[in-house]
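S.K.: This is the structure I want to talk about, given as C-alpha cells.
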Amino acid sequence: MSTEAKTQPIAQPSGLSPKEILRAARLPIAIVVVLILFGLVEPRVLSFGNFRNIALQASYLAIFAMAQTMVLLTRGFDLSLGYTVSLVSVAASMAMVAMGGGDVSILYGVGAAVLIAGAIGLANGLLIAGIGINPLVTTLGMANMVLALASTISGGFPVTGLPKSLTAEFAEGSLLAIPTPIWIAALVFVLLFLTLKATRFGRSLYIIGANPRAAVAAGIRTVPVLVLAYVLCALLAALGALLLTARTGSGEPNLGGNLTLEAIAAAVVGGVRLSGGEGGVGAAVLGALFVTVLSNGMNLVQIDGYLQQICLGVIIIVSLIVNRDEARR
Amino acid sequence: MSSETATMTVANAPSHRASRLDRFLMQGGIVITFLVVAVVATALIEPRFLNRLNLLNVMRNFALLLIPSLAQMLVMTAGGFDLSVGAVVAATSVVTAAVMLVGSIYFPGMELALIIASLVIALGVGALVGLVNAGLVSIFSLSPFMVTLAMMSVLMGIALYFTQGIPIYGVVDSFVANVGRGQFLSLPIVLWVALGVLAACIIMQRFTALGRHIYAVGSDQRSARLSGVATSRTLIAAYMLAGLLAALTGFLMTSRLGSGQSTIGGTLALETIAAAVIGGVSLRGGVGRAELVALAALFLSVIANAMNLVQVDSKYQTLVLGAVLIVALAIERLLLRKRQA
C-alpha cells in the first residue's frame, strides 16, 4: 500500500476522523435512505421477502461490477463485458444441449464458458497490453465482434433444453437458507479481496493504475499483469453469465445488453476511480447494491423501464461529481 | 509510453528529418491504402458495385456517416470522446418527426416553414446536449467517456419513453421528396450537405482560431490554458458543434426514412469512432484532420456496401466493423513501434 500512497496525491491517512467515517458510510446511508423513501410509497419494499430478492439480484450485478473493477483499477475498461455474457450464455447452453442436456453436460457448458471467456479476455489483454491499443476502442471493437457472434450462432433464438438441475442448483438452490448465487458472489468477493490486498498481482494492479511508468520502473512486468486482469474480468463475466443462464433456464442472446453500462455504473457509484488505482471489490459490491435497491424500488412503484434508464444515466453523473469532490479534498 | 509521445511529435511538428514511414503515416497512408484496396476489390468481386444507382446509394450512406464522424472528430481532437452521438441522432430524429406531425395539424400546408422549424428545433436539442456534455466535462473535469455514456443512457431513455419504440409517421411529404430523395446536379442533396460540412470543418481546422485552439486543448489542456486559450469555451464550442452535427444527421436520416425513429443510431458511436480512428484521429487528442476522416468514412461505407452486395448478414457486418477497427489500430501501432526500433 505504501507505494500507492507515494504515487497517488490522494493518499489515505491511517487515522479515521469523523469526516472520513461519514465518507465511508455515505453509500450505506444512501442505500438505507433510498429503501425508506421507496418504503413510504410502497410498503412491500421493506418486506423480508423483498430484502432477500434485492440481495439475490445484487449478487449477479456485484459479480459483473467486480469483474469490471479488475480492469478499471488499471485505468482500463471492458466494454465487451455485456456481450461476453450474451455469448457465453448462448454458447454454454448450446454445449450443454449438444452433450445431451444431462447433469454431466453442465461441465461441458462450464468448459465452453471458460474457453470462450478466456479467449476474449486474452485477446483484449494482448491487444491492450501487448500491442498498446487504447482499452476503450479495443473493447468497443471486441464488443461488436462478440455481439455479432452471440446473435448469430444460435440463429438469434434462445437456446432451450438445458439440464433441470442447472436451474434447481445454481438459481433456486440454497444453503443455510441463503440462495446459491449469493454464496457464489460472496465467495468471489472474498477471493478477489484477498487477491487485491495480499498478492503481488493485486498490488501490481493498483500500482499500474496509479502510475504506469512508475510500475515499469518498480520492476513490475505490466504486460502479463494486464493480460491476467482482462482474462480475470472475462472469466468473472462468464461466471455471472452461467448463473444468469441458470436463472432464465435458457441461453439468451440478449442477456447482457445493458450489463456493460450497469456494471460500470455500479463500480463508479461505489467509488472505483476511472483514472485507476483507487477503489476495490468492496466498493463494487456496495455500488451494485445501491443500483439494485434503486431499480428494485422503481420496479415496485412501477416506474417505466425507459425512465429507469434515464435515472441510471443521471445517477452515474451525480456519483461522478460526488466522488470527484471527495478526491479533491 | 514513449511511443505515444512519439505519435504526438510526429503529427504535430513534422521535422524535416521525417522518414518515409513517418510521412506515410502522417498523410493518411493507411486510410488511403485501405480505401483503394476496398474499392478495387469490391469492383472486381462484384461489378454491380459500379452501377450508377449503387454508387448513389453508397454516397448517401457515406454522407450520413461523414457528418457524425466529423462530430466525433471535433470532440476527439479536443481530447474528448462522444458516445452519445448515436443517441442524439435518435433523439433528434424523433424531435424532427414530432415537430412536423404536430405542426401539420396546426399549420396545414406550410410545409417549408415546418421543415425549417423542425430543423431549428432539432439543432437546438443537439446544441443543448453538447452544452451539457461540455459543461460536465469542463466544470467538474469528469471523464468525457463516462459523461457521454451516461448522456447516451438518458437520451435513449427519453426518446424511447416518448415513442415507446414506435416510429413517428406524419413527416411532411416534400421533406422526403426534396431532402431525403432530392438531387442537385445529379448528386444526392444529403451528399452536398455533408460535403459542405466537410469543407467548413477543413476551413475551421486550418484557418480559424477555434480550430487551432481545439488542437491546443486536445494535445495539452494545461499548457493551452497557460498560453491564453480559453479552454472551457473551446471545449464547449467543440461539443456543441458535435451536437449540432449529430442533430443535422438525425434530421437528414429522418428525411431518408420518412419517419422519426428512436431506434436508429445504435452502432453509430462505434462507426464514428472507427471512422475517426482509421482516419488518424488520436485517441489522446490534439491530432486529426477532417479530410482523412472523410476518406475513412468513405472506406467504411464502401465495405458496408460490398458486404450488402455479396449478401453478408448485417450482424456479421458488425463483426467486420469491430475487426477493421482493431486491425487498423494494431497496424498503426506496430508501424510506429517499428519506426522507433
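S.K.: In degrees, nearest 10, range 0 to 90: what is the angle between the Cα axis of helix B:209-219 and the longest Cα principal axis of chain B?
M.R.: 60 degrees
S.K.: Consider a paramagnetic label point 7 Å from the Cα of B:A230 along Cα→Cβ; state which residues of region B:279-311 have an amide N under 14 Å from it.
M.R.: Within reach of a label on B:A230: no residues.
S.K.: Would you tell me the mean number of C-beta atoms belonging to other protein chains that fall within 10 Å of each C-beta in A:312-318, as a whole number?
M.R.: Values: counts 4, 13, 5, 2, 8, 11, 1.
Taking the mean over all residues of the peptide, I get 6.
S.K.: In nm, to one decimal, how far is the modelled label at A:N254 from the one at A:T199, with both set 7 Å along Cα→Cβ?
M.R.: 3.8 nm
S.K.: If you find the alpha carbon centre of region B:205-279 and of region A:98-126, how far apart are they in angstrom?
M.R.: 41 Å
S.K.: Tell me the angle of helix B:268-278 to the major Cα principal axis of chain B, expressed in degrees between 0 and 90 and rounded to the nearest ten.
M.R.: Between helix and principal axis, roughly 30 degrees.
S.K.: A follow-up question, please. For every helix of n ≥ 4 consecutive DSSP H residues, a contribution of -39,500 (n - 2.57) applies; sum these over chain B, divide by its total residues, and give [θ] at 222 nm rounded to the nearest 500 deg cm²/dmol.
M.R.: My calculation for chain B gives -25000 deg cm²/dmol from helical runs alone.
S.K.: Can you classify region A:215-329 as rounded, prolate or oblate using the Cα gyration tensor, where a ≥ b ≥ c are the square roots of its eigenvalues, rounded means a/c under 1.5, and otherwise it's prolate if a/b beats b/c and oblate if not? Show your work: numbers first, answer last.
M.R.: Working: a/c = 2.81, a/b = 1.26, b/c = 2.24.
Oblate, since a/c reaches 1.5 and b/c is not below a/b.
S.K.: Cα centroid distance between region B:164-195 and region A:217-236, in Å?
M.R.: Region B:164-195 and region A:217-236 have Cα centres separated by 50 Å.
S.K.: Please give the FRET efficiency for A:T152 paired with A:K19, using the beta carbon to beta carbon distance and R0 = 45 Å, rounded to the nearest 0.05.
M.R.: Calculated value: 0.25.
S.K.: On to the next question. For the residue pair B:L335 and B:R284, what label-to-label distance in nm results when each label sits 7 Å from Cα along the Cα-to-beta-carbon direction?
M.R.: Roughly 1.8 nm, to one decimal.
S.K.: Now a separate question. What net charge do the residues around B:L149 carry, taking every other residue with its C-beta under 12 Å from that of B:L149, with Lys and Arg at +1 and Asp and Glu at -1? Kindly include the intermediate steps, with their values, before the conclusion.
M.R.: On the way: positive: none; negative: A:E262, B:D82.
Surrounding charge for B:L149 is -2.
S.K.: By per-residue mean of other Cβ atoms within 10 Å, what is the highest-first order of B:285-294, B:29-38?
M.R.: Sorting B:285-294, B:29-38 by mean packing, highest first, produces B:285-294, B:29-38.
S.K.: Let me ask something else about it. Could you state the angle between the C-alpha long axis of helix B:29-45 and the longest principal axis of the C-alpha atoms of chain B, as a value from 0 to 90 degrees rounded to the nearest 10?
M.R.: Once rounded, the angle reads 50 degrees.
S.K.: If you don't mind, there's one more thing I want to ask. Report, largest value first, the span of the C-alpha coordinates of the protein assembly as shown along each principal axis, in whole Å.
M.R.: Here the Cα extents, ordered largest to smallest, are 77, 62, 53 Å.
S.K.: Starting from 0.36 nm per residue, how many nanometres of slack lie between A:A218 and A:I321 once their C-alpha separation is accounted for?
M.R.: Full extension of this stretch gives 33.8 nm more.
S.K.: Follow-up. Can you pull the mean other chain C-beta count within 10 Å for peptide A:268-279?
M.R.: 1
S.K.: Let me ask something else about it. If only Cα atoms are counted, what is the Rg of region B:30-340, and what is its Dmax, in Å?
M.R.: Answer for region B:30-340, Rg first and Dmax second: 19.4, 66 Å.
S.K.: Work out the mean other chain Cβ neighbour count within 10 Å for the residues of B:321-329 and drop it here as an integer.
M.R.: Across the residues of B:321-329, the mean count of other-chain Cβ atoms within 10 Å is 6.
S.K.: Please report, for the Cα atoms of region A:24-323, the Rg to one decimal and the Dmax as a whole number; what are they, in angstrom?
M.R.: Rg and Dmax of region A:24-323, Cα atoms, are 18.9, 57 Å.
S.K.: Work out, step by step, the length gained on full extension between B:R48 and B:L185: first 0.36 nm times the residue separation, then minus their alpha carbon distance; give nm to one decimal.
M.R.: Numbers: separation 137, 0.36 × 137 = 49.32 nm, distance 2.29 nm.
Additional length available on full extension: 47.0 nm.
S.K.: Can I ask one more? Between B:V312 and B:D173, with labels modelled 7 Å along Cα→Cβ, what's the label distance in nm to one decimal, could you check?
M.R.: 4.0 nm
Where a number appears in this text, it was derived from the coordinates with a stated rule and is not lab data. Quantities reported herein were computed from a predicted structural model and do not represent experimental measurements. Ideal geometry is used to build each Cβ from the backbone, glycine not excepted, and the neighbour counts take in all protein chains shown.
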